[in-house]
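K.L.:
My questions all concern the structure below.
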Amino acid sequence: PARHFDTRTTEPVSFFLSSLEELLAWQPDSNDDFNVSDVLLAKRQPSLRSKRPRTLVCHDMRGGYLEDRFIQGSATRNPYVFYHWRYIDIFVYFSHHTVTIPPVCWTNAAHRNGVPVLGTFITEWTDGEKLCEAFLAGGEEAYHAVSEQLARIAQHYRFDGWLVNVENTLSAAAVRNLPPFLRHLTAQVHGAVPGGLVIWYDSVLQNGALRWQNELNEENRVFFDACDGLFTNYNWKEEHLERTRGLAGPRHTDVYIGVDVFARGDVIGGGFDTDKSLRLIRQHDLSAAIFAPGWVYEHLGAENFLHNENKFWGLLAEYLPTHSICTLPLATSFSLGMGTSRFLAGKEEEAGPWYDLSAQEIQPLYLEREGRLSTSCCLQDAWCGGSSLRLQGTISPGEERVAIRLFSLQMPAPPKLFLTLLYKLEGPHTDEVAVALELTTWDSGTCHEGNVTSLPEPNGRHHPRFLPAPPPGLAKLLAACDHGSHGWTSRCYELDLQDCSLRDLSLLVSRHQPSPQETPFTCLLGEVRVLDAASVAASPPQVQSLAASQLWWQ
C-alpha cells in the first residue's frame, strides 16, 4: 500500500493522516511494523516533572516528511540533523497535515537521548472549521472517539503525545466541548503512554474566536487548565511574560513561550539573536518553545550547516539547562545518523552520503569556550558509523591539563566500573599531549576510591587505572584494549568506588612537560563506554523465537 511503502522503490516510509475520516478509520496494520519506534525513552535527570523551566523544540521544515520519511535511511547529501538533545526537554514534529505522526527515525533518535516526541493534531481554515464542527459540536461520543484514536496512535507507534493546534474559528457548540475534549485526550494519553503529554497551542479563545494572545490570560486559560501545557504564539513583549507568570502560578513551567527562529512578525529576536528572546523568558522563570530552528539549515544553507548549527545552539547554551544521564551502560560512537562515508573499526567500509536518524548515537554536550575550546562533529574520519567527535582547544601557558566535559551524570556509582576510549590525535603537537578519561563524583563525606582506607580524592576527581589487557572473561567485550587500528588508539580502564555518586565524564588532555607556551591540540573521539562491571560479567540473555518478515530480495 502506498501509505506504507514508497511507490517507486518499495522502501517503507513514515506517513501522516489527512482527514477526520482517516483518523477514525485508523487501525494497527502489519504493514505498519516499520513505523513503530524500537527505542525506549531513556531515563534522564531532571525529569519532566521537575519544576525547572523547560525547552521544547518544534521542528517545522518545508511541510515535513522529507528525506526523514525513509525509515531505512537514504543516500541524502548534507541532510538536516538535530543533535543538541542534552539541551532540550521535548521535541515536536510539526506539519500542516491533520494528524502528523512523527517519522519513526526522529522518535528513535530522541528517545535514545532521553527526549520525548510529540506529534501534531491540527485543524485550520474553512476545512478545519468543518472538521471541528463534525467532532466537537455534537455529543461527547464524537470527541471521545477522536481522543481515543489519537491516544491509540501514540501508543502504537510509541511516541509520547500531541501538540493540539486549532487554527480556525469555532461555533458556540464546538468551543463548549473543546475543554472536555482536551481533558479526555490528556487522560487517554496519560493512560496509554507512560509520561505522555498533551500541549495546547495559543490560538482559539474560549468564545470560539481565532485570536492569538501571545500569553496565558483569562481568554485561553480554560484550555491550559485542561491539558499539560500551553505553547504561546510568538509576538509577545515583556509585559505578556509578566502577566503570564502571575496567572500561571505554580504551573509557570507548563507555559512554553513561543520563539520563531525565522523572526516573522513583531518579535524580540530570532536567528542568531534568539538568545535575546530566551534571556527574557528565563528571567520570568518560564519554559520556552523554539519554533523552526531548521532556520539554520534553510536560511544559511546545507553546505556549512554543522558549523552554523553549533554556533546557533552555542549562543543559546547559557539559557538551556542541560540534562544528565542516569543509567549505565553508557556507550556511544557519537555518530549523527548521517555521513559522507560509513566506517567500521576505523576503516572506511563504504564511500558515499547516507542519512538515517535511527542510527544516531547518544550525543554529548557541545561546548564552546571563546577560542579556547570547541566540540564539533568530524565527518572525514570515524571509528564506527559516519562521524567522530572533534575536540579542539589549547592548554594555556603554565597549565598542565584541560578537562573537557562530555557528559553530565547523575546516578550512584557501582562498586566497579570499566571504561573504554578510542581516540586519535591530529596536528603537529601529537607527541606533546596525552589523553585519558576523568570521572568526577558529587561531594560527600563517604565517597572513596578503592578500599575504605584510601583517602577521598580532592574535588571528587577520579583518574581510572589503565588496563593493559582485558580481565579474564571480558576479553570479547573489551577486545580492543590497547589494540587500536587505522591510526586509532584504544584504551581500557577500571575504577573502584565506594558510596559515590557520579557527576561528570570528561576527556583529560594533559601535557607531558610543563611549558611557558600554549599547546594547541586536536583530538578525535571514536568511541567512549562506561560499563558497570557487575552487569558486564553477567552472561547476556539468549535470543529466542526469532522471526523475519517483510522481506524484499534483490
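The values are calculated or read from the model by the stated rules, or taken from the named source; none is laboratory data. Note that the structure is a prediction, hence the values are computed from the model and not measured. In this analysis, Cβ positions are derived from the backbone assuming ideal geometry, glycine residues included, and neighbour counts consider all displayed protein chains. With ligands, DNA and RNA removed, areas are computed over all heavy atoms of the protein, side chains included. Shrake-Rupley method; radii C 1.70, N 1.55, O 1.52, S 1.80 Å.
K.L.:
I'd like the Karplus ³J(HN,Hα) series for the stretch 521-534: coefficients 6.51, -1.76, 1.60, θ = phi - 60°, whole numbers in Hz, and an x wherever there's a Gly or Pro.
P.N.:
Whole-Hz 3J(HN,Hα) from phi for the stretch 521-534: 9, 9, 10, 9, 9, x, 6, 9, 9, 10, 10, 7, 4, 5.
K.L.:
A further question on this structure: When the Cα centres of the stretch 10-80 and the stretch 241-312 are compared, how far apart do they sit, in Å?
P.N.:
The distance from the Cα centre of the stretch 10-80 to that of the stretch 241-312 comes to 22 Å.
K.L.:
Within the stretch 242-322, list the trypsin sites (Lys or Arg not before Pro) lying in a DSSP loop whose Cβ has at most 14 other Cβ atoms in a 10 Å radius.
P.N.:
Arg264
K.L.:
With r defined as the distance between the Cβ atoms of Ser18 and Asp266 and R0 fixed at 35 Å, what FRET efficiency is calculated, to the nearest 0.05?
P.N.:
0.60
K.L.:
Quick one: net charge around Asn165, please, counting Lys, Arg +1 and Asp, Glu -1 for every other residue with C-beta under 13 Å from its C-beta.
P.N.:
Computed value for this residue: -4.
K.L.:
Which lysines does Lys311 reach when only Cα atoms under 22 Å apart count, and residues fewer than 8 places away in its own chain are ignored?
P.N.:
Here the lysines satisfying the reach criterion relative to Lys311 are Lys276.
K.L.:
With the contact rule set at Cα under 8 Å and sequence spacing of 6 or more, what percent relative contact order holds for the chain?
P.N.:
With pairs under 8 Å counted, the relative contact order is 13 percent.
K.L.:
Something else: Sort Lys416, Lys43, Lys424 by accessible area with a 1.4 Å probe, largest first.
P.N.:
The ordering from most to least exposed comes out as Lys43, Lys416, Lys424.
K.L.:
Roughly how many debye, to the nearest 20, is the charge dipole of the stretch 330-538 about its Cα centre, given +1 on each Lys and Arg Cβ, -1 on each Asp and Glu Cβ, and no other charges?
P.N.:
The calculated dipole for the stretch 330-538 is roughly 140 debye.
K.L.:
Could you pull out which residues in the stretch 354-371 have an amide N less than 20 Å from a spot 7 Å beyond the Cα of Ala302, following the Cα-Cβ vector?
P.N.:
354-360
K.L.:
If you don't mind, there's one more thing I want to ask. Taking amide H positions as placed in the peptide plane 1.01 Å from N, state which residues far from His323 in sequence (5 or more) or on other chains have amide H under 5 Å from it.
P.N.:
none
K.L.:
Between Arg251 and Glu318, what is the FRET efficiency for a Förster distance of 22 Å, r being their Cβ-Cβ separation, to the nearest 0.05?
P.N.:
The computed FRET efficiency comes out at 0.30.
K.L.:
What relative contact order, as a whole-number percentage, does the stretch 230-387 give when Cα pairs under 8 Å and 6 or more residues apart are counted?
P.N.:
The normalised contact order for the stretch 230-387 reaches 17 percent.
K.L.:
Once you list every other residue whose beta carbon is under 13 Å from the beta carbon of His84, what net charge do they have if Lys and Arg are +1 and Asp and Glu are -1?
P.N.:
-1
K.L.:
Taking a cut-off of 30 Å between Cα atoms, list the lysines near Lys476, but don't count ones fewer than 8 places away on the same chain.
P.N.:
Of all the lysines, those that pass the test against Lys476 - Cα under 30 Å, at least 8 places apart if same chain - are Lys43, Lys347, Lys416, Lys424.
K.L.:
Leaving ligands and nucleic acids out of the surface, order Tyr319, Tyr83 by accessible area at 1.4 Å, largest first.
P.N.:
Tyr319, Tyr83
K.L.:
Let me ask something else about it. Restricting the count to DSSP beta bridges whose residues both fall in the chain, what percent are antiparallel, rounded to a multiple of 5?
P.N.:
70
K.L.:
Further question: Of the listed values (1) 20; (2) 35; (3) 23, grab the one calculated as percent of Cα pairs over 45 Å apart from the structure here.
P.N.:
(1)
K.L.:
Treating the beta-carbon of each Lys and Arg as +1 and of each Asp and Glu as -1, no other charges, what is the dipole magnitude of the chain about its Cα centre, to the nearest 20 debye?
P.N.:
In debye, rounded to 20, the chain gives about 840.
K.L.:
Something else: Taking the simple approach of a point 7 Å from Cα along Cα-to-Cβ for both His486 and Thr340, what is their distance in nm?
P.N.:
Inter-label distance under the simple model: 1.5 nm.
K.L.:
Near the amide H of Gly73, under 5 Å away, which other amide H atoms are found, from residues 5 or more places off or on another chain, if H is placed in the peptide plane?
P.N.:
none
K.L.:
In terms of modelled amide H atoms, which long-range or inter-chain residues lie less than 5 Å from the amide H of Gly161?
P.N.:
Gly119, Leu197
K.L.:
Given a Förster distance of 41 angstrom, what is the FRET efficiency for Asp6 paired with Asn235, based on the Cβ-Cβ distance and rounded to 0.05?
P.N.:
0.55
K.L.:
Find the cysteines in the chain that fail to meet the 4.7 Å Cβ criterion with every other cysteine, and list them.
P.N.:
So, Cys58, Cys105, Cys132, Cys227, Cys326, Cys377, Cys378, Cys384, Cys523.
K.L.:
What is the sum of charges around Gly337, taking Lys and Arg as +1, Asp and Glu as -1, for the other residues whose C-beta is under 9 Å from the C-beta of Gly337?
P.N.:
Summing Lys/Arg as +1 and Asp/Glu as -1 gives -2.
K.L.:
Counting alpha carbon pairs within less than 8 Å and at least 6 residues apart, what relative contact order, in whole percent, applies to the stretch 330-538?
P.N.:
Averaging sequence separation for qualifying contacts and normalising by length gives 31 percent for the stretch 330-538.
K.L.:
What ranking, highest mean first, results for peptides 387-396, 534-543 when packing means the other Cβ atoms within 10 Å averaged over each residue?
P.N.:
Taking the mean over residues of other Cβ atoms within 10 Å, the ranking is 387-396, 534-543.
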